[in-house]
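Take a look at the structure set out below.
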Amino acid sequence: MITCCNLISGCLATVSALYGDARMALLWIVIGAVFDFFDGMTARLLHVSSPIGKELDSLADDVTFGVAPSAILYQQLCVLDWPSSMQNVVFGSSAITLPQVLAALAFIMAAFSALRLAKFNLDERQAMGFIGLPTPANALFWGSLIVGSHRWLESMSWAPWLLLVLMLMSCWLLVCEVPMFALKFKHWGWRGNEVRYLYLLSCVPILAFFGISGIAVVIAWYVCLSVLTQRQPRQQA
């Protein structure tokens, strides 16, 4: 039931994004992330974990953290100011313009999110860390970036190309073999948790200074810190 609430949140986030309400879409993604955090924990506490739950969780996650952020990016690309020479290029009798075709590339990220989730289900190395960028982090990056920086993006002539390049980078990060730390604590001491504490402490001033777009900044900082401190996770027995 909790996993299905995550799925419904992703559907509402997608609808909100396609209607041009990126702020509401981000809110539904956050709500979906809360459900995603508690579904596995609740299943273990109630001793109702099952293979069906695992598969359903991945399906829900791809909607909330794959399709929804892709829809946010798609809608933003549709309203940006593309060069007039590109807007005059029309495909067929349906009058679909070249910018609309390029905007649809945003949904490539949904496909890579699904691939990321499928790999995660089969990868036994990710017990205490991640290989590649987690889909919730990627979704929060895009939602907060668009919500917090849409005015700046709409004022820049090269913003569409920047967003498409960032989208391709996100797709690579989702499936790359770069180890990334998880905020899981075996104990609360400093030793062994230095990177986690450093990250959490640095997030406070970033969020205070940048506001909503600070979420995108702290996720970018998470990726950079993971690369700087990466260690191959141990294979499980």
What is the magnitude of the charge dipole of the stretch 105-186 about its Cα centre, with +1 placed on the Cβ of each Lys and Arg, -1 on the Cβ of each Asp and Glu, and no other charges, expressed in debye to the nearest 20? 200
Net charge contributed by nearby residues that have their C-beta within less than 13 Å of T42 (K/R +1, D/E -1): -2
Mean shadow area (nm²) of the C-alpha convex hull around the stretch 116-189 is 6.5
Exposed GluC sites (Glu not before Pro) absent - longest run of the chain, DSSP non-H/G/I/E/B, at most 14 other C-beta within 10 Å: 1-123
So what's the angle, to the nearest 10 degrees on a 0 to 90 scale, between helix 51-62 and the longest Cα principal axis of the chain? 40
Over all directions, how big on average is the projection of the convex hull of the alpha-carbon atoms in the stretch 44-134, in square nanometres? 8.6
Among A111, A71, A208: highest mean-square fluctuation, GNM of the chain, C-alpha pairs under 10 Å: A208
Virtual spin-label span in nm between M169 and Y19, 7 Å along Cα→Cβ: 3.3
Ranked order, T229, T135 - accessible area, probe 1.4 Å, largest first: T229, T135
Tell me, what is the percent relative contact order of the chain, built from C-alpha pairs under 8 Å that lie six or more residues apart? 21
Amide H proximity to D21 below 5 Å, modelled H, separation 5+ or other chain, gives none
Evaluated over the stretch 1-107, the Cα radius of gyration and Dmax, each in Å: 17.7, 60
Ranked by GNM mean-square fluctuation in the chain (Cα springs under 10 Å), the top entry among M180, M24, M169 is M169
Report the calculated FRET efficiency for C176 and R196 (r = Cβ-Cβ distance, R0 = 25 Å), to the nearest 0.05. 0.75
Reduced to Cα centres, the span from the stretch 51-72 to the stretch 107-140 in Å works out to 11
The stretch 141-156-the stretch 170-222 distance, computed between alpha-carbon centres (Å): 21
Full extension between A111 and V48 adds, at 0.36 nm per residue less the Cα distance, a length in nm of 19.7 nm
Under a crude label model (7 Å from the Cα following the beta-carbon direction), how far is E55 from M1 in nanometres? 2.3
Using +1 on the beta carbon of Lys and Arg, -1 on that of Asp and Glu, and nothing else charged, what's the dipole of the chain about the Cα centre, debye to 20? 660
Gain upon complete extension [V204, E154; 0.36 nm per residue less C-alpha separation]: 15.2 nm
Residues whose modelled amide H sits under 5 Å from the amide H of I96, counting only those 5 or more places away in sequence or on another chain, are F91
For labels at V34 and W188 in the simple 7 Å Cα→Cβ model, what's the distance in nm? 2.4
Where does each of K186, K119 land when they are ordered by accessible area, with a 1.4 Å probe and the largest first? K186, K119
Build a GNM of the chain with springs between Cα atoms under 10 Å: which of N121, N88, N138 gets the top mean-square fluctuation? N88
The aspartates and glutamates whose Cα lies under 16 Å from the Cα of K119, excluding any fewer than 8 residues away in the same chain, are E55, D57, D61, D62, E177
Most to least accessible of M109, M156 (protein chains only, probe 1.4 Å): M156, M109
Given the rule -39500 (n - 2.57) for each run of at least 4 DSSP H residues, summed and divided by the residues of the chain, what is its mean residue ellipticity at 222 nm, to the nearest 500 deg cm²/dmol? -22000 deg cm²/dmol
Order of 140-146, 33-39, 95-101 by packing, highest average Cβ count within 10 Å first? 140-146, 33-39, 95-101
Percentage relative contact order, the stretch 1-127, counting C-alpha pairs under 8 Å, at least six apart: 28
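The values are calculated or read from the model by the stated rules, or taken from the named source; none is laboratory data. Treat the numbers as computed from the prediction; the structure is a model and nothing was measured. Heads up, the Cβs are rebuilt from the backbone with ideal geometry, glycines too, and the neighbour counts pull from every protein chain shown. To get the accessible areas, we keep the full protein, side chains included, count just its heavy atoms, and leave off ligands, DNA and RNA. Shrake-Rupley method; radii C 1.70, N 1.55, O 1.52, S 1.80 Å.
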